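For reference, the structure discussed in these notes is given below.
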Amino acid sequence: MARGLFPRAWMTKSYHFQVRLSHVRVKYLFLTWLTVFVGSWVIYVQYSSYTELCRGRECQNNICDKYRKGVIDGSACSSLCEKGSLYFGRCLSSKPNNQVYTGSWGDVDGVIKCQLDDVLHYELGEELEPRKEAALFEKPTRGTSVEKFKEMVSSHLKAKVGEQASLAGLVSLILTVADGNKDGRVSLPEAKSAWALLQLNEVLLAVVLQDREHTPKLLGFCGDLYVVERVPYTPLYGLSLPWPLELWVPAGFRRSLDQWFTPSWPRKAKISIGLLELVEDVFHGPFGSFLMCDMRPGSFGYTERHDLRLVDGRLVVPEEAFRRAMRLQRCQEDHDCVYGVDCRTTCDHAEGRCTAQVSQPNLARACGALKDYLLRGAPAHLRDELEKQLYACMALRGSAEHMEMEHSLILNNLKTLLWKQISHTKDS
Ligand SMILES: Nc1ncnc2c1ncn2[C@@H]1O[C@H](COP(=O)(O)OP(=O)(O)O)[C@@H](O)[C@H]1O
Ligand SMILES: [Mg+2]
């Protein structure tokens, strides 16, 4: 009996084993199929978003077509369209209408920014940069004298930055930049490029702040394509996770994750002083105040020497233009009165329109962006004082009675506090 049982048990065992094996096989087959399916889907999504986002070739063709027809001209045109010495490198765009590529121009590392036209809807943000008009390179028209062009530029700037004593200086700065081949005169194709560029906040800011050190230098342009200095380290901090992961990471953990892989504290202090200096430069500068409406770390980067640079200036707008746009904005609640990412005003319910005064000045939002960055790893003896000052800074309100005085007091205190800590280190 026992002898007969053994082969039966063995057969049952082997039967079970085979069933298990086929289950395992089915499982592996299913898993392989799932991996292939998900993998190809991810590749497809990546590819289609790449082809939608990265259309540098199209941008170059549009610009070079206009250049060859003699419509536009500029310091980068011949390198881009004839000599082929300005190359498009890696695509960095995150929006299809704003093409951003690394570029090499001779032995200079730059970043090429080029506008594409197919924006289907205009957000309030885009209204301050009315691209349609500029794109056609219609203005200035043939027969416009240099004097007339100067007037055009001057009244355009007056509308953007308001009545400023130094407006004439800004106009001549722009005319100097517009003279791409440096022959001492601005030709019609050069003027058309300059006019198109002038509509772009980032370019206006680069010209306004060209003698300061926190915006990348404008290296050249052709039409409304322009090349700026490349900033080696971007963003200011933070890791970019693949979006499926992004959805699952809790906000608190995300904030602490963002502070991993940042430079040592004295270096962070130096970079932060750079941001405070930039805020100082755009607050009541010689050409009026500008509002920085995207204080996210992605808007900034820094150099090898830990000097801060603004890498995305498209949402840095003259306060005058901001106030005007906000007053026109209809609203039902405060939530409707936001420009860019973080420039908020309040809703005047009686009028159904937004008010013009920005709720938090640049400085308060900059301190918000720097809080975790500066507090993590801060020397123990400094931490409390630093935290106190950062919170005082973040509490600054645009409508406060003595805002300007408080603004400069807080700014100076913070800068002094940080400088004192690093002035004796090699990083300063
Ligand atoms: N001057 C620059 N140097 C280095 N990287 C840059 C520079 N300008 C832009 N970038 C990179 O390209 C990305 C996209 O550029 P950006 O101007 O922010 O356009 P968008 O906001 O449409 O993505 C930035 O997040 C930054 O990483
Ligand atoms: Mg950006």
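The values are calculated or read from the model by the stated rules, or taken from the named source; none is laboratory data. Everything quoted here is computed from the prediction, not taken from an experiment. Here Cβ is always computed from backbone atoms with ideal geometry, including for glycine, and neighbour counts include all displayed protein chains.
Quickly run through the range 340-366 and pick out the residues that are in contact with a His (Cβ under 8 Å, 6 or more places away or on another chain) and either within 21 Å of Asp258 (Cβ to Cβ) or part of a helix (DSSP H, G or I) (or both).
Leu363
Hey, can you tell me all the residues within the range 367-382 that are surrounded by 14 or more Cβ atoms within 10 Å (Cβ to Cβ) and either of a type outside the set (Ser, Thr, Tyr) or outside any helix (DSSP H, G or I) (or both)?
Cys367, Gly368, Ala369, Leu370, Lys371, Asp372, Leu374, Leu375, Arg376, Gly377, Ala378, Leu382
Every residue in the range 84-120 that is among the hydroxyl-bearing types (Ser, Thr, Tyr), in a loop (DSSP other than H, G, I, E, B) and within 16 Å of ligand 2 (Cβ to nearest atom), please. Break it down stepwise before answering.
Here is the first cut: in the range 84-120, the residues among the hydroxyl-bearing types (Ser, Thr, Tyr) are 85, 87, 93-94, 101-102, 104.
Checking which are in a loop (DSSP other than H, G, I, E, B) leaves us with 85, 93-94.
Answer for the range 84-120, where residues must be among the hydroxyl-bearing types (Ser, Thr, Tyr), in a loop (DSSP other than H, G, I, E, B) and within 16 Å of ligand 2 (Cβ to nearest atom): Ser93, Ser94.
Of everything in the range 313-324 that's of a type in the set (A, V, I, L, M) and at pLDDT 95 or above, which residue is surrounded by the fewest Cβ atoms within 10 Å (Cβ to Cβ)?
By that ranking, first place goes to Leu315.
Out of all the residues in the range 86-101, which are surrounded by 15 or more Cβ atoms within 10 Å (Cβ to Cβ) and near ligand 1 (Cβ under 7 Å from one of its atoms)?
Once the filter is applied, which keeps residues that are surrounded by 15 or more Cβ atoms within 10 Å (Cβ to Cβ) and near ligand 1 (Cβ under 7 Å from one of its atoms), the range 86-101 yields Leu92, Ser93, Asn98, Val100.
Would you check if there is a residue in the range 290-304 being modelled with pLDDT of 95 or more, surrounded by fewer than 21 Cβ atoms within 10 Å (Cβ to Cβ) and more than 16 Å from ligand 2 (Cβ to nearest atom)?
Yes, the range 290-304 contains a residue that is modelled with pLDDT of 95 or more, surrounded by fewer than 21 Cβ atoms within 10 Å (Cβ to Cβ) and more than 16 Å from ligand 2 (Cβ to nearest atom).
Can you run down the residue pairs with Cβ atoms below 6 Å, 6 or more apart or on separate chains, where the first is in the range 86-104 and touching a residue at least 24 places away in the same chain (Cβ under 8 Å) and the partner is within 12 Å of ligand 2 (Cβ to nearest atom) and small (Gly, Ala, Ser)?
Matching pairs, first to second residue: Gln99/Ser93.
If you scan the range 303-342, which residues turn out to be under 24 Å from Arg212 (Cα atoms) and hydrophobic (A, V, I, L, M, F, W, C)?
Those that are under 24 Å from Arg212 (Cα atoms) and hydrophobic (A, V, I, L, M, F, W, C): Leu308, Leu310, Val311, Leu315, Val316, Val317, Ala321, Phe322.
Only one of (1) of a type in the set (Lys, Arg); (2) part of a helix (DSSP H, G or I); (3) within 16 Å of ligand 1 (Cβ to nearest atom) fails for Arg25. Which number is that?
It fails just one condition, (3).
Restricting attention to the range 195-238, report how many residues are within 14 Å of ligand 1 (Cβ to nearest atom) and either among the polar types (S, T, N, Q) or over 26 Å from Leu291 (Cα atoms) (or both).
3
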